[in-house]
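Computed from the coordinates by the stated procedures, all read-outs in this text should not be read as laboratory data. What you see is a predicted model; the values in this text were computed from it and never measured. Note that we place each Cβ from the backbone using ideal geometry, even for glycine, and neighbour counts take in every protein chain shown.
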Amino acid sequence: MAMQVSLYELSQWLGGFLWPLLRIGAVLAVGPVFGARSVPVRVRVVLALALTLLVVSMRGPQALPDPLSIPGVLAIARELVIGAAIGLSLQLVFAAVVVGGQMVATSMGLGFASIVDPQNGVQVPVLSQFYLLTATLVFLALDGHLVLIDLLVRSFEVLPPGGPGPGAADFWAVAAWGSHLFAGGVVIALPVVAAALLTNLAFGVVTRAAPQLNIFAVGFPVTLMVGFLAMLATLPHILPRLGALTLSATDLVRELLSGG
């Protein structure tokens, strides 16, 4: 006997498949690594469908409002906002790295040397790209991509589709955590900026003592050499800071989910 599926049952199953797909798609579009411009859209779509099938198989289809109704539109907006908040919280770590690289490049006189960032699709200094690649490797080495997927799947247990979502205080906490963008950037750039500043002060004293010295011909190569040596010396100390920022971002996501 052939199995018969009614149109109502089919619409309910598709609706139960749609809600997880919206949240997962928002995370993969905004989050780090997965949301990079270098990742093909087809790969993200296939990954979103695979994770959605996993979530649906674990929780089963749920009866939710019609997507074309007003409650359905509000539910769609809720899922997109939750997914974007999860991805943005971790993406701010990489934004802090870019800000720090821009500070370093400006202090060394390499602010003009820019390339297209394959992750965000914008022009960034070469040093920002170097720090960004380093942060990506640290993120992958700490299994940050697996932690992101785990938080995403667990979010459907804490904040199921159709239920009450995070409050205004939770989203304000995400916005307030944006201060780490500038604080993290300053921590990354401070050693190199300080070394470049001391070098420029030293050349200022030398120029004062020997005005005939061509400071532009000598100062720029020396500043570059001091900056690169400072980067090399401080890079091992930056890696734990990147790990701490990543762990802090995951804790923020957990608080966001538990606050709902």
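How far is it, in nm, from the label point at residue 133 to the one at residue 237 when both lie 7 Å from their Cα along the line to the Cβ?
Output for this residue pair reads 2.5 nm.
Taking 22 Å as R0, compute the FRET efficiency from the Cβ-Cβ separation of residue 202 and residue 228 and round it to 0.05.
0.85
Near residue 90, within a Cβ-to-Cβ distance under 14 Å, what is the net charge of the other residues, with Lys and Arg +1 and Asp and Glu -1?
-3
Taking 7 Å along the Cα-to-C-beta vector as the label spot, tell me the residue 143-residue 218 distance in nanometres, rounded to one decimal.
5.5 nm
Which residues does a label at residue 209 reach in region 220-252, if reach means a backbone N under 19 Å from a point 7 Å past the Cα toward the Cβ?
Only 220, 222-223 pass the distance filter.
Between the DSSP loop rule and a limit of at most 14 other Cβ atoms within 10 Å, which trypsin sites (Lys or Arg not before Pro) in region 19-62 are left?
Listed in order of number, the matching sites are 37.
Note the full-extension length gain between residue 255 and residue 42 as 0.36 nm times their separation in residues minus their Cα-Cα distance, in nm to one decimal.
Result: 73.5 nm gained on full extension.
Spelling out what I want: for every residue of region 187-202, take phi, set θ = phi - 60°, compute 6.51 cos²θ - 1.76 cosθ + 1.60 (Karplus), and round to whole Hz; glycine and proline get x.
4, 5, 8, 4, x, 5, 4, 5, 5, 5, 5, 4, 5, 5, 5, 5
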